[in-house]
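Everything on this sheet refers to the single structure shown next.
Every number here is computed from the coordinates shown, using simple stated rules; none is lab data. Every value quoted in this text rests on a predicted model; they were computed, and no experiment measured them. Every residue, glycine as well, gets a Cβ built from its backbone with ideal geometry; the counts of neighbours run over all protein chains shown.
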Amino acid sequence: MGYNSEDIQKILEAGVRAPSGSNSQPWKFRVKDNVIDVLALPEKDHPILNFKYRGTWLAHGALIENMAIASSEMGYRADIKIFPDKSNPNLTARIALESSASKDEPLYKCIFERTTNRKPYESHPLKMEDKIALLESIAGRGDFRFTEDPDKLKILGEAVAVNEIVMFENPLLHRLVFEEIVWTEEEERKRGGGLYVKTMELKPPQRFALKFFKYWTIMKLLNKLGAAMAIAKDNAQNYAAASLMGIVAVEDNDEDFISAGRLCERIWLEATRLGLNLHLITGIFFLRQRILRGEISEFSQEHIELIKDAYEKTASIFDVNEGLIALLVRIGYDGEPSARSMKKAPEVEYI
Ligand SMILES: Cc1cc2nc3c(=O)[nH]c(=O)nc-3n(C[C@H](O)[C@H](O)[C@H](O)COP(=O)(O)O)c2cc1C
């Protein structure tokens with residue numbers, strides 16, 4: 001079989017650098033000889049946004065893509081079976097490693113450099129060579145569609161910012177958002193993840209206000225003065241500040257969310273290699289899936305209409321008439337983000 005346990009550890013370490021919803025890192029591993037079982041911990045993800053655990057599956061797609069790249073770099077062929085055991089839905093993948101010639105994987109080192117950057121980016125198109133490299137990196141790997149039209153970027157910015165209106169006006173979602181935020185690096189370390197407030201790229205007055213927004217009685221009062229709307233308006237402008245936005249269109253099934261996560265990670269790593277920034281946005285797409293299935297008891301009619309309208313505008317820009325939009329990314333030039341989120345060491349059981 002010719003595998004080396006240090007290589008397996010390196011493959012797992014590359015895996016866990018993947019993005020996850022609010023940095024939940026919903027995974028653990030079981031290793032037997034040359035076979036790695038990837039196990040999901042979906043309860044770590046947002047109970048409302050993580051519709052049918054598909055946020056977890058997106059994150060696992062990214063994790064698996066990192067592991068595939070690392071395996072190849074270490075000199076293995078990775079035989080990856082997605083959802084190999086229908087009786088164990090939390091077994092996301094079984095990866096069997098077989099020795100093969102080591103390949104130079106230029107994206108391997110990008111796995112450790114990749115990060116979310118939520119800043120507004122420079123508002124000009126990508127250099128042609130960067131755009132071509134990005135598109136080539138994902139050719140044949142899924143249905144990625146993009147636009148660079150500034151008018152469309154503005155509409156898309158406003159559409160995805162509808163998420164913030166719902167998050168700050170709905171008491172349940174408001175509570176869940178604030179449960180995910182961690183305020184200091186120490187808290188992040190102790191908790192082993194969470195959405196570190198410094199990565200949210202808030203301006204100082206916004207960061208100050210957020211401390212008060214966490215109390216629902218205050219938020220509710222401020223919403224009467226249009227606070228949630230104002231946050232969404234501000235964010236919409238930041239979102240639109242990008243060279244391009246793209247979406248991944250999928251069929252309505254769980255496997256496709258794994259594939260979308262793999263594609264998203266690959267374009268993110270290539271963007272990193274090119275010195276570009278990327279910000280993944282999913283909120284309204286998961287809310288819309290919930291509404292589509294009639295799971296609407298948590299939402300006001302006004303919010304349901306806002307989410308539907310935002311989804312339809314996005315789908316119309318990208319000409320998505322069938323299936324679902326799984327995610328949106330904004331890509332562009334900017335410096336470094338103000339902070340990076342912390343990653344836990346892989347949790348592994350060797351059997
Ligand atoms: C399924 C999924 C959904 C996400 N949704 C959003 C989102 O709607 N908005 C956002 O700003 N970041 C989103 N992210 C990015 C995560 O918050 C980010 O990956 C995480 O905090 C870890 O940071 P990192 O990407 O720098 O490693 C999402 C990531 C995943 C995997």
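Some notes on this structure:
- Computed about its Cα centre, the charge dipole of the chain is approximately 880 debye, with only Lys, Arg, Asp and Glu carrying charge at their Cβ.
- Inverse mean reciprocal Cα-Cα distance (Kirkwood Rh) of the range 32-128, Å: 15.7
- Fluctuation leader among Asn117, Asn253, Asn277 - the chain, Gaussian network, Cα springs under 10 angstrom: Asn253
- Long-range HN-HN contacts of Arg77 with modeled amide H, under 5 Å: Glu98, Ser99, Ser100
- C-alpha center-to-center spacing [the range 29-85, the range 294-345] in angstrom: 22
- Here the 3J(HN,Hα) profile of the range 274-291, calculated from phi with Karplus coefficients 6.51, -1.76 and 1.60 at θ = phi - 60°, is 7, x, 9, 10, 9, 9, 8, 10, 10, x, 5, 6, 6, 5, 5, 4, 4, 5 Hz, Gly and Pro shown as x.
- Calculated [θ] (222 nm, deg cm²/dmol) that DSSP helices of n ≥ 4 give over the chain, each run adding -39,500 (n - 2.57): -14000 deg cm²/dmol
- Asp85 versus Leu41: modelled label distance in nm, points set 7 Å from Cα along the beta carbon direction: 1.9
- Close amide-amide hydrogen proximity is noted between Leu244 and Ile331, each under 5 Å apart and 5 or more residues distant or on a separate chain (H modeled in the peptide plane; Pro and chain starts excluded).
- Converting phi to 3J(HN,Hα) with the Karplus coefficients 6.51, -1.76 and 1.60 and the offset θ = phi - 60°, the range 224-233 yields 4, 8, x, 4, 4, 4, 5, 4, 4, 5 Hz in sequence order, with x at every glycine or proline.
- Shown in residue order for the range 117-124 are the 3J(HN,Hα) couplings computed by the Karplus curve 6.51 cos²θ - 1.76 cosθ + 1.60 at θ = phi - 60°: 10, 8, 6, x, 9, 5, 9, 9 Hz (x for Gly and Pro).
- Rel. contact order, % - alpha carbon contacts under 8 angstrom, at least six apart, the chain: 28
- Convex hull per residue volume in Å³, alpha carbons only, for the range 128-332: 140
- For the range 196-317, the number of Lys pairs with C-alpha atoms closer than 25 Å, counting only pairs eight or more positions apart or on separate chains, is 20.
- Assigned charges on the beta-carbon of Lys, Arg, Asp, Glu; the range 128-332 dipole about Cα centre (debye): 860
- Per residue, the average separation of C-alpha pairs within less than 8 Å and at least 6 apart gives the range 1-128 a relative contact order of 27 percent.
- Within the straight-line cut-off of under 28 Å between alpha carbons, the lysines reachable from Lys103 are Lys10, Lys28, Lys32, Lys81, Lys131, Lys343, Lys344, sequence neighbours fewer than 8 places apart in one chain being disregarded.
- Remark: the chain projects, on average over all directions, an area of 17.6 nm² (convex hull of Cα atoms).
- Gain in span if fully extended, Ala96 to Ala345, counting 0.36 nm per residue against the direct Cα distance: 87.5 nm
- Between Ser102, Trp57, Ile69, the Cα set farthest toward the positive side of the dipole of the range 1-126 (charges on each charged residue's Cβ, about the Cα centre) is that of Trp57.
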